[in-house]
Amino acid sequence: MAIHSQFDQAVWLDESSADIAQLEALCEQQTDPASVPLSVDVIGEIPVYEGADVRAAASESDTAEAPVRALQQEWARTLAHGAGVVLIRHAFDDIPVLDAVTAAFNALIDSERAAGSGADHFAPRGSNTRLWNAHEKLCIESPALFARYNANDVLSLMCGAWLGPGYQITTQANIVHPGGQAQHCHRDYHMGFQQADKLVQYPAHVHAMSPMLTLQGAIAHTDMPLESGPTKILPFSQQFLPGYLAAGRADCSAMFEKRQVQLPLNKGDMLFFNPAVMHAAGDNHTADVERFANLVQAGSVYGRTMELLDKARMSIALYPALQSLVTEAGWQSRHTRQAIEACAEAYPFPANMELEPPVNGLAPVSQQELMHQCLAEGCTPDEFSSRVRAQQGLKRSH
């Protein structure tokens, strides 16, 4: 990923690092069509590809890998060093399968409506309806349809281009209703789900690395004319290293709205982008278009530890020891923090966002945060054990 020279030697970033004028300068770049020779068009600096060309290359891959690798190389360069966004027209050629999946998602949404739809992190409640964990729910509800839907050359090759093999897919079906309001400018998972006070604790090279762990995408299940508010994109913004710290600021949002681009999508198109690209769903100004997309997050196989640890069990064992240690002379609060960091789960994801909605931010409470809370509240070991086990009980998909 291209990183502005000012940050080449930076080890730590803070909000003063995020000069919006430098972000705007990066976003003045243009996509040279010669740099994306396999694309069929460049619109708003975003290269556009034809799904039929991708399928043709994939069909040759058993005997000739070069056509597929050429596409993947071009996509990877664009996501990392170019506009950060790639659009594939006609990524689905079997529209009846796409329509059947839309119907299945709608049926699942209807069955869950009594419990209320999940809130969107970045849009006002009521603007949209979201089916969390749509990937698993579709697989359980209709395995054959799931297979046909995911047997897709574009999705497979794009995930491989950015993440390599072994990637893991999650999706959320999202419907933005007529009159639905726009999202706030943001970046995506991982660091896009953290607040500035957490982000400044990560060294600069982690800010650069984080986008490499996830590919963000959207599958258009309906036509999305501009007035329906398809995703607003800020090309080249993934190149701005302090962007996670800037995305929520008013000056960044103002610049985003001034320079963002939107592309109308047709049913069956797929849009993919580096998760560090600043983006936001737009306002749905129509009276009758239910803008329906399946939002894709594909994660790198490398986002896991080597060994499997039962951190809830470890935390329950450690808790009474910490309660004793804090009374000893010479034991400092930082020692408690260090012991908890070595033991409890720091990251609240993966999570069932219906069972663990975000609390005072963008993420659920982590096991480490729960441990600190219980120590501060003077909970007994049994009370802490009950709360940890209750939290663990929410770590399920259904």
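Just so it is clear, none of the values below were taken in a lab; they were calculated from the coordinates. This structure is a prediction, so every number in the text was calculated from the model and none was measured. Note that each Cβ is placed from the backbone with ideal geometry, even for glycine, and that neighbours are counted across all protein chains shown.
With respect to the chain, whose longest principal axis is taken over its alpha-carbon atoms, helix 153-163 is tilted by about 50°.
Between L145 and N266, what's the calculated FRET efficiency when r is the beta-carbon distance and R0 is 22 Å? Round to 0.05. List each step's numbers first, then the result.
Details: r = 21 Å, r/R0 = 0.97.
Rounded to the nearest 0.05, the efficiency is 0.55.
With θ taken as phi - 60° and the Karplus curve 6.51 cos²θ - 1.76 cosθ + 1.60 applied, the whole-hertz 3J(HN,Hα) list for segment 329-344 is 5, x, 7, 9, 4, 5, 5, 4, 4, 5, 5, 5, 4, 7, 10, 8 Hz, x standing for glycine and proline. Simple spin-label estimate for Y302 and D251 gives 3.4 nm between the two label positions (7 Å along the Cα-to-Cβ direction from each Cα). Database note for the chain: Cys without another Cys beta carbon under 4.7 angstrom, C27, C139, C159, C185, C252, C343. Amide H to amide H, with H built 1.01 Å from N, K232 comes under 5 Å of A280, A281, G282, counting only residues 5 or more places away or on other chains. Remark on I43: its backbone amide H falls under 5 Å from those of V48, a criterion applied only to residues 5 or more positions apart or on other chains, H modelled at 1.01 Å from N. Couplings 3J(HN,Hα) for segment 43-58, derived from phi with the Karplus relation 6.51 cos²θ - 1.76 cosθ + 1.60 (θ = phi - 60°), are 10, x, 6, 9, x, 10, 10, 9, x, 4, 5, 5, 5, 5, 5, 5 Hz, where x marks Gly and Pro.
The alpha carbons of the chain stretch over 70, 52, 49 Å along the principal axes, in descending order. Within a straight-line Cα-Cα reach of under 12 Å, K232 can be paired with the following aspartates and glutamates, leaving aside sequence neighbours fewer than 8 residues apart in one chain: E257, D283. Couplings 3J(HN,Hα) of segment 239-247, computed from phi: 7, 8, 4, x, x, 5, 7, 8, 4 Hz, in residue order, whole Hz [Karplus 6.51 cos²θ - 1.76 cosθ + 1.60, θ = phi - 60°; x for Gly and Pro]. The coefficient of translational diffusion for segment 311-393, derived via Stokes-Einstein from the alpha carbon Kirkwood radius under 10 °C and 1.306 mPa s, stands at 120 µm²/s. Springs join every pair of Cα atoms under 10 Å in this Gaussian network model of the chain, and among V48, V85, V176 the largest mean-square fluctuation is at V48. In this structure, the pairs whose alpha-carbon distance is over 31 Å, taken from K198/K258; K267/K395; K137/K258; K198/K395; K137/K311; K137/K267, are K267/K395; K137/K258.
For the options H205, H372, H186, a Gaussian network treatment of the chain with springs between C-alpha atoms closer than 10 Å singles out H372 as fluctuating the most. Calculation over all alpha carbon pairs of segment 286-344 in 10 angstrom steps from 0 returns a P(r) of 16, 28, 18, 14, 12, 9, 3 percent.
When shorter helices are ignored and each DSSP H run of at least 4 residues is given -39500 (n - 2.57), the per-residue value for the chain at 222 nm works out to -11000 deg cm²/dmol.
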